[in-house]
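Here, each number is a calculation from the coordinates, and none is a lab measurement. Keep in mind that what you see is a predicted model, and the values were worked out from it rather than measured. Using ideal geometry, Cβ is built from the backbone for each residue, glycine included, and neighbour counts are taken over all protein chains shown.
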Amino acid sequence: MNRGQKIARLTTNAVIRVPALWPLFRRLTRTQFDRLGPVWDASRSPDRTAAYEAALEGIDGDVRRALDVGTGTGDGALAIASRFPSAEIVGVDLADGMLAEARRKAPGIRFELADAARLPFADATFDLVAHSNMIPFFDEVTRVTAPRGWVLFAWSAGDETPIYVPTERLRRELGTRGFAHFAEFSAGRGTALVARKG
Ligand SMILES: C[S@@+](CC[C@H](N)C(=O)[O-])C[C@H]1O[C@@H](n2cnc3c(N)ncnc32)[C@H](O)[C@@H]1O
């Protein structure tokens, strides 16, 4: 891992253990990804969305409203649009530099500048709340997910992804917040987990 990736791993581990630490890392994270926006896609492997897409295929119900958290350049939001063409999709990110690329790639999708630690959406807004290579804020994810809604967490290079949360940890955090029906996926170099609320 390069220096930026090591910082991303350290940030993830710290914030997962103690979410209240996030404000300490917010500015650095934003600066890093603002800078990476224009070169992000070119630096990534062609199978980067394989596990995310496999997990979307595993969702066997209707999704009318979906959120891609930490959407970056919008690949996750685009994958949702392809799997659920009639869904209303929002992608949120902290970094304008990443969002500029997302808006260029997917002009039909709504992208908003927002912090996942404090999402600007009402309780139970989304049938699907998805993450690709993104630090989860479990309380906020739970709050904005509708009853019987799905959550999705994907890591494009499995446990070698700089921003990565082990499956057991995801299951524990989600289980204590009322999620069940866990399903695991792997595709390309990636892994993913889907769970359902209630
Ligand atoms: C590793 S990148 C992944 C981007 C994209 N999901 C993908 O897989 O290509 C992490 C993204 O999450 C964003 N991010 C990190 N922390 C965030 C937060 N608390 N709220 C919103 N976005 C955040 C970063 O700006 C960055 O665009």
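Treat the count of other C-beta atoms within 10 Å as a stand-in for reagent exposure and order Lys197, Lys6, Lys105 from fewest to most.
Exposure proxy ranking, most exposed first: Lys6, Lys105, Lys197.
Quote the charge dipole size of the chain about the Cα centre in Debye, to the nearest 20; the model charges only the Cβ of Lys and Arg (+1) and of Asp and Glu (-1).
Dipole of the chain, to the nearest 20 debye: 500 debye.
Post the alpha-carbon centroid distance, region 179-198 to region 1-71, in whole angstrom.
The distance from the Cα centre of region 179-198 to that of region 1-71 comes to 16 Å.
Expected output is a single nm value to one decimal: the length gained when fully extending between Arg110 and Ala180, i.e. 0.36 nm times separation in residues minus the C-alpha distance. What is it?
Working: separation 70, 0.36 × 70 = 25.20 nm, distance 2.92 nm.
Between Arg110 and Ala180, full extension yields 22.3 nm more.
Can you put Asp41, Asp75, Asp123 in order of Cβ neighbours within 10 angstrom, beginning with the fewest?
Result, fewest neighbours first: Asp123, Asp41, Asp75.
If contacts are Cα pairs under 8 angstrom and at least 6 residues apart, what is the relative contact order of the chain in percent?
Over the chain, the number comes to 24 percent.
Please report the relative contact order for region 1-79, taking Cα pairs under 8 Å with a sequence separation of at least 6, and give it as a percent rounded to a whole number. Walk me through the intermediate numbers first.
Working: 20 pairs, mean separation 20.6, N = 79.
So the answer I get is 26 percent.
Using the Karplus curve 6.51 cos²θ - 1.76 cosθ + 1.60 with θ = phi - 60°, what ³J(HN,Hα) values do you get for each residue of region 125-140, in whole Hz, with x for Gly and Pro?
So the J values, rounded to whole Hz, are 6, 10, 7, 9, 10, 10, 9, 10, 6, 9, 5, x, 10, 4, 5, 5.
Rounded to the nearest 500, what is the chain's calculated 222 nm mean residue ellipticity when only DSSP H runs of at least 4 contribute -39500 (n - 2.57) each, over all residues?
When only DSSP H runs of four or more count, the value is -11000 deg cm²/dmol.
Looking at the chain from every direction and averaging, what is the projected area of its Cα convex hull in nm²?
Here the figure is 9.6 nm², rounded to one decimal.
Please report Val90, Val129 as a ranked list, fewest other C-beta atoms within 10 angstrom at the top and most at the bottom.
The order, fewest Cβ neighbours first, is Val90, Val129.
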